[in-house]
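The values are calculated or read from the model by the stated rules, or taken from the named source; none is laboratory data. Worth saying up front: this structure is predicted, and the values here are computed from it rather than measured. Cβ sites come from the backbone with ideal geometry, for glycine too, and all protein chains shown count toward neighbours. For accessibility, only protein heavy atoms count, side chains too; no ligands or nucleic acids. Shrake-Rupley method; radii C 1.70, N 1.55, O 1.52, S 1.80 Å.
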Amino acid sequence: DAGVIQSPRHEVTEMGQEVTLRCKPISGHDYLFWYRQTMMRGLELLIYFNNNVPIDDSGMPEDRFSAKMPNASFSTLKIQPSEPRDSAVYFCASSPPGRKLFFGSGTQLSVL
Amino acid sequence: DAKTTQPPSMDCAEGRAANLPCNHSTISGNEYVYWYRQIHSQGPQYIIHGLKNNETNEMASLIITEDRKSSTLILPHATLRDTAVYYCIVRVIGGNEKLTFGTGTRLTIIP
């Protein structure tokens, strides 16, 4: 298995633009997580899904952020409009129930 | 989930055992202790987890005190590739699946 696949690896955009981050979880994993990492705030859980259904989105910073999981093999995290303070590394992770999380390599987002 | 406390940084000589402590004094009976690490610019990587018995795998050993209020992760023969941030996390199994990361311990292996 190729592991959790995220794309793009790097994204540079201008303030106000829409940004879409993508994640393909490991096949057979029921849970999918989106995290954000910054120097100031560390690793923060944004949202997680179980069987494609959002379970806890309490970490989503504001309405500019949205996440979807249309099927078991794909999820997106969208920021519209983007702001410089959204600059961070965004990680996606997946896991079977009650088991360890497998993380992707992350997307480095820079909003200018 | 219970809060954990870890030293912000530690050094260890290459080839020696690295012992990383973690306090979780408010841990509940149904909470496991998990350890992950994050090597620079990579996603976190699972190391080991346990409930109350000591655990060992190919990466590390986990020693949990009898009262479960603290634990120690042991890397038996540290190499330069073990330089990373190590996170101790307490997590309920069978309940909320979310994994909440603290600030961790930055371990530096000295040649």
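Quick one: which strands (runs of 3 or more DSSP E) sit completely within the stretch A:35-112 and have at least 3 residues that are at the interface with chain B (Cβ under 8 Å from one of its Cβ atoms), touching a residue at least 24 places away in the same chain (Cβ under 8 Å) and not acidic (Asp, Glu)? If you could, list the steps in order and put the result at the bottom.
Working: elements: A:42-50, A:53-56, A:65-71, A:74-79, A:88-95, A:107-111.
Because the criterion is at least 3 residues that are at the interface with chain B (Cβ under 8 Å from one of its Cβ atoms), touching a residue at least 24 places away in the same chain (Cβ under 8 Å) and not acidic (Asp, Glu), the strands (runs of 3 or more DSSP E) in the stretch A:35-112 that meet it are A:88-95.
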Here are some residues: B:79, B:65. Which one is away from chain A (no Cβ under 14 Å), touching an Asp or Glu at 6+ places or on another chain (Cβ under 8 Å) and open to solvent by less than 60 Å² (accessible area, probe 1.4 Å)? B:79
Tell me, please, whether a residue that is within 11 Å of chain A (Cβ to nearest Cβ), under 13 Å from residue B:33 (Cβ atoms) and either crowded, with 17+ Cβ neighbours inside 10 Å or touching a Pro at 6+ places or on another chain (Cβ under 7 Å) (or both) can be found in the stretch B:48-60. yes
Pair list, Cβ under 8 Å, 6 or more apart: the stretch B:15-38 residue under 10 Å from residue B:89 (Cα atoms) and in contact (Cβ under 8 Å) with a residue 12 or more places away in the chain, other residue of a type in the set (Gly, Ala, Ser) and not in a strand (DSSP E or B): B:24/B:2; B:31/B:2; B:35/B:60
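Please note which strands (runs of 3 or more DSSP E) are completely contained in the stretch B:17-111 and include at least 1 residues that are more than 14 Å from the chain's Cα centre (by Cα).
Details: elements: B:18-23, B:31-38, B:45-50, B:61-64, B:70-75, B:84-92, B:105-110.
Filter on the stretch B:17-111 gives B:31-38, B:84-92, B:105-110.
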It is to be established whether one or more residues within the stretch A:39-55 are open to solvent by less than 30 Å² (accessible area, probe 1.4 Å), on the phi > 0 side of the Ramachandran plot and not aromatic (Phe, Trp, Tyr). yes
